[in-house]
Amino acid sequence: MSGFDIAQVRLFFSFKHDGVYYPCAFMHWFKWVHDSRDENTGMWVVEPETLEDGTHFASVIHLDCIFHAAHLMPVFGSEFVPTYLSYTQTLDAFCTYYVNKYI
(Lines give C-alpha, C1' and ligand atoms only; values in the text may rest on other atoms or scores of the structure.)
Protein backbone atom coordinates (compact mmCIF):
# COMPACT_ATOMS: atom_id res chain seq x y z
CA MET A 1 0.00 0.00 0.00
CA SER A 2 2.19 2.82 -1.29
CA GLY A 3 5.06 2.03 1.10
CA PHE A 4 3.11 2.60 4.33
CA ASP A 5 3.00 0.16 7.22
CA ILE A 6 0.24 -0.27 9.79
CA ALA A 7 1.03 -0.47 13.50
CA GLN A 8 -0.69 -0.04 16.84
CA VAL A 9 0.86 2.33 19.37
CA ARG A 10 1.04 0.51 22.68
CA LEU A 11 2.98 3.14 24.60
CA PHE A 12 4.27 6.70 24.16
CA PHE A 13 7.45 7.51 26.07
CA SER A 14 10.56 9.64 25.86
CA PHE A 15 14.09 9.68 27.17
CA LYS A 16 17.17 11.87 27.18
CA HIS A 17 20.61 10.71 26.11
CA ASP A 18 23.62 13.04 26.10
CA GLY A 19 21.24 15.97 26.51
CA VAL A 20 19.15 15.03 23.46
CA TYR A 21 15.41 14.40 23.93
CA TYR A 22 13.95 11.40 22.06
CA PRO A 23 10.12 11.11 21.84
CA CYS A 24 9.26 7.49 21.02
CA ALA A 25 6.47 4.97 20.64
CA PHE A 26 6.38 1.25 21.33
CA MET A 27 4.58 -0.39 18.40
CA HIS A 28 2.88 -3.68 17.52
CA TRP A 29 3.01 -4.22 13.76
CA PHE A 30 0.47 -5.53 11.26
CA LYS A 31 1.15 -7.15 7.88
CA TRP A 32 -0.85 -7.08 4.67
CA VAL A 33 -2.98 -10.16 4.07
CA HIS A 34 -3.17 -9.77 0.26
CA ASP A 35 -1.32 -7.88 -2.47
CA SER A 36 -4.52 -6.09 -3.44
CA ARG A 37 -7.60 -4.59 -1.80
CA ASP A 38 -10.61 -6.64 -0.76
CA GLU A 39 -12.88 -6.80 -3.80
CA ASN A 40 -16.10 -6.39 -1.77
CA THR A 41 -15.09 -3.39 0.34
CA GLY A 42 -12.22 -1.81 -1.60
CA MET A 43 -10.22 -1.73 1.63
CA TRP A 44 -6.85 -3.29 2.45
CA VAL A 45 -6.84 -6.16 4.94
CA VAL A 46 -4.16 -6.56 7.62
CA GLU A 47 -3.41 -9.03 10.39
CA PRO A 48 -1.10 -8.84 13.41
CA GLU A 49 2.49 -9.66 12.56
CA THR A 50 3.73 -12.34 14.93
CA LEU A 51 6.94 -14.16 15.71
CA GLU A 52 7.31 -17.94 15.57
CA ASP A 53 6.24 -18.26 19.21
CA GLY A 54 3.01 -16.33 18.55
CA THR A 55 4.01 -13.07 20.24
CA HIS A 56 3.49 -9.75 18.49
CA PHE A 57 6.29 -8.33 16.38
CA ALA A 58 7.13 -5.13 18.22
CA SER A 59 9.62 -2.29 18.04
CA VAL A 60 10.39 1.19 19.28
CA ILE A 61 10.29 4.06 16.79
CA HIS A 62 10.84 7.82 16.90
CA LEU A 63 7.60 9.82 16.78
CA ASP A 64 8.78 11.52 13.57
CA CYS A 65 8.28 8.15 11.84
CA ILE A 66 4.49 8.23 12.41
CA PHE A 67 2.74 9.75 9.39
CA HIS A 68 -0.90 9.71 10.54
CA ALA A 69 -3.51 7.63 12.31
CA ALA A 70 -5.30 4.74 10.64
CA HIS A 71 -8.72 3.36 11.52
CA LEU A 72 -8.84 -0.45 11.70
CA MET A 73 -12.18 -2.26 11.63
CA PRO A 74 -12.43 -5.94 12.56
CA VAL A 75 -13.27 -8.43 9.83
CA PHE A 76 -16.19 -10.08 11.57
CA GLY A 77 -16.79 -13.79 11.05
CA SER A 78 -20.07 -15.64 11.24
CA GLU A 79 -20.00 -15.83 15.06
CA PHE A 80 -21.60 -13.31 17.40
CA VAL A 81 -19.27 -10.83 19.07
CA PRO A 82 -19.16 -11.51 22.83
CA THR A 83 -21.13 -8.95 24.84
CA TYR A 84 -18.28 -8.59 27.34
CA LEU A 85 -15.81 -7.47 24.65
CA SER A 86 -14.63 -3.91 25.28
CA TYR A 87 -13.48 -1.48 22.59
CA THR A 88 -10.06 -1.54 24.26
CA GLN A 89 -9.72 -5.25 23.41
CA THR A 90 -10.75 -5.23 19.76
CA LEU A 91 -7.25 -5.00 18.26
CA ASP A 92 -6.32 -8.13 20.22
CA ALA A 93 -9.59 -10.04 19.76
CA PHE A 94 -9.89 -10.46 15.98
CA CYS A 95 -7.65 -12.14 13.40
CA THR A 96 -7.89 -9.66 10.54
CA TYR A 97 -8.83 -5.99 10.10
CA TYR A 98 -9.90 -3.66 7.33
CA VAL A 99 -7.89 -0.45 6.93
CA ASN A 100 -10.78 2.02 6.70
CA LYS A 101 -10.22 4.32 3.73
CA TYR A 102 -13.44 6.25 4.27
CA ILE A 103 -12.37 8.29 7.31
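Computed over the Cα atoms of segment 14-84, pair by distinct pair, the Kirkwood hydrodynamic radius stands at 15.5 angstrom. Stretching GLU47 away from TYR84 to a fully extended chain increases their span by 11.1 nm, per 0.36 nm per residue minus the current alpha-carbon distance. Given a 1.4 Å probe and every protein chain left where it sits, what share in percent of the accessible area of the chain is carbon and sulfur? Answer for the chain is 56 percent, counting heavy atoms of protein chains only. Applying both filters, DSSP loop and at most 16 other Cβ atoms within 10 Å, to the trypsin sites (Lys or Arg not before Pro) of segment 17-103 gives ARG37, LYS101.
If a/c stays under 1.5 just call it rounded; otherwise compare a/b with b/c (prolate if a/b is bigger, oblate if not). Do that for segment 45-103, with a ≥ b ≥ c from the square roots of the Cα gyration tensor eigenvalues. Because a/c hits 1.5 or more and a/b fails to exceed b/c, segment 45-103 counts as oblate. Peptides 14-22, 92-100, 66-74 ranked from most to least packed by the mean count of surrounding Cβ atoms within 10 Å: 92-100, 66-74, 14-22.
Surface exposure of the chain, expressed per residue as accessible area with a 1.4 Å probe, stands at 75 Å².
Only helical runs count toward this figure. For the chain, summing -39,500 (n - 2.57) over DSSP H runs of n ≥ 4 and dividing by all residues gives -500 deg cm²/dmol at 222 nm.
The values are calculated or read from the model by the stated rules, or taken from the named source; none is laboratory data. For clarity, every value in this text was computed on a predicted model and none was experimentally measured. Cβ sites come from the backbone with ideal geometry, for glycine too, and all protein chains shown count toward neighbours. What goes into the accessible areas is simple: the full protein's heavy atoms, side chains included, and nothing from ligands, DNA or RNA. Shrake-Rupley method; radii C 1.70, N 1.55, O 1.52, S 1.80 Å.
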